[in-house]
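S.K.: One structure is given below, represented as structure tokens, and several questions about it will come after.
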Amino acid sequence: MHTSRVLTMLLALFVVTSAVPGTVVAQSDDPAWADELFAQMQTMVEPYNERAGSLDLPIGNSLLENARITAEISDDAGNTVYYRMETNGQKEITSLQRGEHPDPTLKIVTTLSAMEDIANAQDPVNELATKIETGEVQLKGVGITNAVTTTIIDVLRFASGLFG
């Protein structure tokens, strides 16, 4: 009788914990800086959108047009937080939320320091372009076409570093 109660309680615990969405659990494990960075990113959206049309990537502009983006941001201690964004055809951010995008077309990988620089810049578009150029922000295409495009961007960035 005692064994069946324990099994029933374990089963109930499993059902309750498996019903909790993964993003909620993951966010509770986020580092202390995650909320502050999200607030900084929210205030960055308007100045970014005002200049979004000036962001010019070599062959990669289409990556940021009508994009579904997961931004993976890590600190020096190895903590990682995910934010999701969506953009329109003018590369303007139309949605910014916590967690990974369920159907991304692009993944942005960067450090906490680089993202803070972008979020706090007077011209976040220029700062983003600079961080992409230096490799501090990496674009990783999801799907064949986007993956090929980001690989070409990486090769061009590498070649420009070699040949000045």
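The values are calculated or read from the model by the stated rules, or taken from the named source; none is laboratory data. Just so we're clear, the structure is a prediction, and the values are computed from it rather than from any experiment. Methodologically, a virtual Cβ is constructed for each residue, glycine included, from the backbone with ideal geometry; neighbour enumeration extends over all protein chains shown. For accessibility, only protein heavy atoms count, side chains too; no ligands or nucleic acids. Shrake-Rupley method; radii C 1.70, N 1.55, O 1.52, S 1.80 Å.
S.K.: Counting only protein heavy atoms and a 1.4 Å probe, tell me what percentage of region 34-146's accessible area is made up of carbon and sulfur.
M.R.: 43
S.K.: Shifting gears a bit: Over the Cα atoms of region 86-164, what Rg and Dmax result, in angstrom?
M.R.: Considering region 86-164 through its Cα atoms, Rg and Dmax are 13.5, 40 Å.
S.K.: While we're here: Give me the distance in nm between label points sitting 7 Å out from Cα along the Cα-to-Cβ direction at residue 54 and residue 155, one decimal.
M.R.: 3.1
S.K.: Quick one: net charge around residue 101, please, counting Lys, Arg +1 and Asp, Glu -1 for every other residue with C-beta under 9 Å from its C-beta.
M.R.: 0
S.K.: Between residue 46 and residue 98, what length comes free when the chain is fully extended (0.36 nm per residue of separation minus the Cα-Cα distance, one decimal in nm)?
M.R.: This chain segment gains 16.9 nm when fully extended.
S.K.: With a point put 7 Å past each Cα toward its Cβ, work out how far residue 148 is from residue 32 in nm, to one decimal.
M.R.: 4.8
S.K.: All other residues with a Cβ under 12 Å from the Cβ of residue 66 taken together, and with Lys, Arg as +1 and Asp, Glu as -1, what is their net charge?
M.R.: Summing Lys and Arg as +1 and Asp and Glu as -1 gives -1.
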